[in-house]
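The values are calculated or read from the model by the stated rules, or taken from the named source; none is laboratory data. The shown structure was predicted, so the numbers you read here are calculated from the model rather than taken from an experiment. In this analysis, Cβ positions are derived from the backbone assuming ideal geometry, glycine residues included, and neighbour counts consider all displayed protein chains.
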Amino acid sequence: MLRNRRIIVISVVGLLAVAGLTACSEDDVAGVGQTAAATMSGPDGTPMGTVTLQQGPNGVLVSADVNGLEPGPHGFHIHAVGACTPDFSAAGGHFAPGDHGHGFMHTDGAHAGDLPNIHAGSDGTARADYFTNWVTLAATGETSVFDADGSAIIVHAKPDSYGAEAGAGDRVACGVIERT
C-alpha cells in the first residue's frame, strides 16, 4: 500500500513538472511577458513620445504617450515595415496578415494593424491604452510584429474613418517597434 502511494505521488509530481515545462514553453512561443517599444519622432526627427507594447496571455496591450500633435483625433496604426526612414512611407501600409480589408466597420474585418484613433488634448498630448488580440510579440508567426521586416507605429494627421479607406491623411509621427 505504501509503495503504491509513492508511485502515485511520484507520478503526480512528474506530471505536474512536465505540465509546468509545457506551459512555460507555450508561453515563450506565444511571447507572453515580452515587451516592446516604439520611440516616436516627427518627420524632422523631433522626439514625440513612446508607444509601448506588452504581450499578455490573450493579446497585446498597446500604450501610447505621444506629444507634439495637433489637438483632436488622429489615426493610429501598426504598419507593415519596421522603417521610418528615409521618410515615413518606408513603413508601408497597415500590418495586415490574412489580407483583411481596412477599418473596424469593414464587412470582411479590419487589418491587424488597425487601432482606434488617439485623441490629443489642447496641449498636443495623447495618452491611450488599447488592447488587441490581432497581433503578437512572439518571435515567429503570421501575426508577429517581429516578422522578417519588422513593424512600425504611425500616427496620422487626421482621424481614421474606420471604413474601407483610412482617410487619415499625412503621417506625422513614426516609431519602429523594437524589443525591450
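Inspection of the stretch 127-147 identifies no residue that is over 27 Å from Gly33 (Cα atoms) and either assigned to a strand (DSSP E or B) or touching a strand residue (DSSP E or B) at 6+ places or on another chain (Cβ under 7 Å) (or both).
For the stretch 142-152, the set of residues classified as out of contact with any Cys (no Cβ under 7 Å at 6 or more places or on another chain), within 15 Å of Gly113 (Cβ to Cβ) and of a type outside the set (S, T, N, Q) consists of Glu142, Val145, Phe146, Asp147, Asp149, Gly150, listed by residue number. Scanning the stretch 150-173 for residues that are within 23 Å of Gly121 (Cβ to Cβ) and surrounded by fewer than 16 Cβ atoms within 10 Å (Cβ to Cβ) yields a total of 4. Within the stretch 115-139, the residues that satisfy the criterion of being surrounded by 14 or more Cβ atoms within 10 Å (Cβ to Cβ), over 11 Å from Ala64 (Cα atoms) and among the hydroxyl-bearing types (Ser, Thr, Tyr) are Thr132, Thr136. In this structure, does Thr107 turn out to be closer than 19 Å to Ala148 by Cα and of a type in the set (Val, Ile, Thr)? Taking the combined requirement at face value, the residue does not satisfy it. Only one of the listed residues (Ala36, Ala19) is at pLDDT below 50 and either not in a loop (DSSP other than H, G, I, E, B) or not polar (S, T, N, Q) (or both). That residue is Ala19.
Condition first: at pLDDT below 95 and of a type in the set (Asp, Glu). Can you find one or more residues in the stretch 89-99 that meet it? Within the stretch 89-99, one or more residues are at pLDDT below 95 and of a type in the set (Asp, Glu). Considering (1) surrounded by fewer than 16 Cβ atoms within 10 Å (Cβ to Cβ); (2) at pLDDT 95 or above, the lone condition that Phe76 does not fulfil carries the number (1).
Kindly indicate whether any position in the stretch 101-112 is closer than 21 Å to Asp44 by Cα, hydroxyl-bearing (Ser, Thr, Tyr) and surrounded by fewer than 18 Cβ atoms within 10 Å (Cβ to Cβ). No, that holds for no residue.
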